[in-house]
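Structure first, commentary second.
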Amino acid sequence: MIRIPPNFNRPNKQTNMSTPMRVPQRGILYCLSNPHFKPNLFKIGVTKHPLTKRLHELYQRSTGVPGPFETQLAIEVPDVYRVENLVHKKLNRFRVNECREFFEVDHIQQIQKTFESVCQGPHKGVWKKKGAFKRTNTNTNKLHSPGRHTHKMYEVEAVLDHRMHLGELQYLIQWVGYEQPTWEPHKNLKQVELVQQYQMN
């Protein structure tokens, strides 16, 4: 029998176990809106596939979406999941539900600025679509959002059309600062001056 001295250091066994390196994956960071949702509600997510395919999936695979999404912002980045995580953290206070990728933001310019601040340096991307948002100095024709955040105010830029939907009169409203108009019930717009002018024409 061989006696091993108590101060003898055994050599460490070499193992093949190591922490796997995370490989960055190229993809598209996007911001989507839906004309059937509130004008300040946006979906922010990512895809490794063509954006048109992702838009098709979001509409076709969910019976809870009344109509297709529309792209507001899109930028191709080298590490798409890392960038998504950073953007979601920066906009976390606007998140509607921690389990969903929906954000309620007053102006989409806030989202664009966040995209621009994150997608720099090692995360620099190539813009596929960047907003050209209309601005106006008018401060009339404001009304409360009919949604749960009733303290917020939105400004009507123009009344584009009207229709009867399920027995209810609705107007197609163009909002100041938003590209996509939305259909709104007449009961929410009775005091809006532009609606009154539209009715007189």
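The values are calculated or read from the model by the stated rules, or taken from the named source; none is laboratory data. This one's a predicted model, so the numbers in the text were calculated from it and none came from an experiment. Cβ placement follows ideal geometry from the backbone for every residue including glycine, while neighbour counts extend to all protein chains displayed.
Couple of notes before you dig in:
- Residues being surrounded by 10 or more Cβ atoms within 10 Å (Cβ to Cβ) and outside any helix (DSSP H, G or I) - total across region 50-64: 1
- When residues of region 163-201 are limited to those that are under 29 Å from the mean Cα position of the chain (by Cα) and among the aromatic types (F, W, Y), the one farthest from Q112 (Cα to Cα): Y171
- For region 107-122, filtered to residues that are in contact (Cβ under 8 Å) with a residue 24 or more places away in the chain and under 12 Å from the mean Cα position of the chain (by Cα), the residue that is nearest to F69 (Cα to Cα) is I108.
- For region 54-69, the criterion of being basic (K, R) and in contact with a strand residue (DSSP E or B) (Cβ under 8 Å, 6 or more places away or on another chain) is met by at least one residue.
- Segments classed as strands (runs of 3 or more DSSP E), wholly inside region 128-201, with at least 1 members that are at pLDDT 70 or above and of a type in the set (G, A, S): 153-165
- Residue within region 78-89 that is among the hydrophobic types (A, V, I, L, M, F, W, C), in a loop (DSSP other than H, G, I, E, B) and surrounded by 11 or more Cβ atoms within 10 Å (Cβ to Cβ) present: no
- Test: residue in region 49-67 that is within 10 Å of the chain's Cα centre (by Cα) and free of Cβ contacts under 8 Å to residues at least 60 places away in the same chain: no
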